[in-house]
Every structure is written in C-alpha cells, then in structure tokens.
Amino acid sequence: MKSTDRKMERGFSLIELLIVMVIIGLLASLVGPKMFGKVGKSKQNSAKAQISLFETSLDMYRLDMGKYPTTDMGLEVLRIKPDDNDNWDGPYLPKNIPLDPWRNPYHYASPSDHGDYEIISHGADGEEGGEGEDKDIVSWKALDKK
C-alpha cells in the first residue's frame, strides 16, 4: 500500500471534530434564543385565534337561542345540545373545546364586567395577571397586537 493511499483512508482528527463541534455550539447559542422567543409569541397568537373562533361560535349560538350561554353552561354548550331548548342548531364548533396553548382550560363567564361575556386564557403560568408569556389573553382584547 502506498503512503498516499493511507492518507486517503484517514478520518478526521480529534482537533478537527472539536473545532466543528465548537462552531455548531456557537451557531446554536446565537440562533436558539431567537427561535425560542418566537415560540411564546406564537402561543399567544394561537390563543387569540382560538378566542376569536369561540366568539364567532358564541354569536351563532346567540342568533339561535336569543342569548349567550351562562357561566354555568360554559363553552361546552357550543358542542352539546342543552336539554331544555329546541332552538339549538349546533354544534357550533367543529371539534371539542380545546385547551389553551399552555394546556390549561379557557375561562368563560357570562355576563361579565367587560360585556355580554368574557373568555380568558391565563397564559403560560395559568394564573391571573402576568407579564410577557404569562400575560393573560382576554376576549375583549383578543385582536390587539400588544
């Protein structure tokens, strides 16, 4: 076997592998935080979109029933016909009531201090109030870009 054949059979040296791993680590540390920052914003936008869908469904329910469902009835009445009314022409939602993007249930109240009803997602922490990703997403502000 010639010496040139041996050079062709050689793999990468340990130093070359370490340099490549350091470069990949640096790239990941620069790009990673920017990508993970977008995840929180996309979850907030998803909650706003789901609340908007609930609002449309609640309006269709009100057209048929003459009023919005009570707090006790909840959003489930958009999927399941109440026993006491024949005007119900649902289901008003194509699928079961989803959890919010942080896997918590939405809170529905009717009547509310903010109008006929309110729908709230308490954000990442699942508790009232908060800043950033923990900020509440509410129906009376669902379309705000802030």
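Worth pointing out:
- Listed pairs Lys95/Lys135; Lys48/Lys135; Lys43/Lys67; Lys81/Lys141; Lys81/Lys135 exceeding 23 Å between Cα atoms: Lys95/Lys135; Lys43/Lys67; Lys81/Lys141; Lys81/Lys135
- Gain on full extension, evaluated as 0.36 nm per residue between Leu99 and Ala49 minus their Cα-Cα distance, stands at 16.7 nm.
- Arg62 versus Leu14: modelled label distance in nm, points set 7 Å from Cα along the beta carbon direction: 7.2 nm
- 3J(HN,Hα) along segment 60-72, derived from phi through the Karplus expression 6.51 cos²θ - 1.76 cosθ + 1.60 where θ = phi - 60°, amounts to 5, 4, 4, 4, 7, 9, x, 7, 6, x, 6, 4, 5 Hz, with x in place of Gly and Pro.
- The length gained by stretching the chain between His114 and Glu131 to full extension, at 0.36 nm per residue less their Cα-Cα distance, is 4.0 nm.
- The gain in end-to-end length when the Val22 to Asp72 segment is fully stretched comes to 12.3 nm, 0.36 nm per residue minus the alpha carbon separation.
No value in this document is a laboratory result; all are computed from the given coordinates. Nothing here was measured: the structure is a model prediction, and the numbers come from that model. Cβ atoms come from the backbone with ideal geometry, glycine included; neighbour counts cover every protein chain shown.
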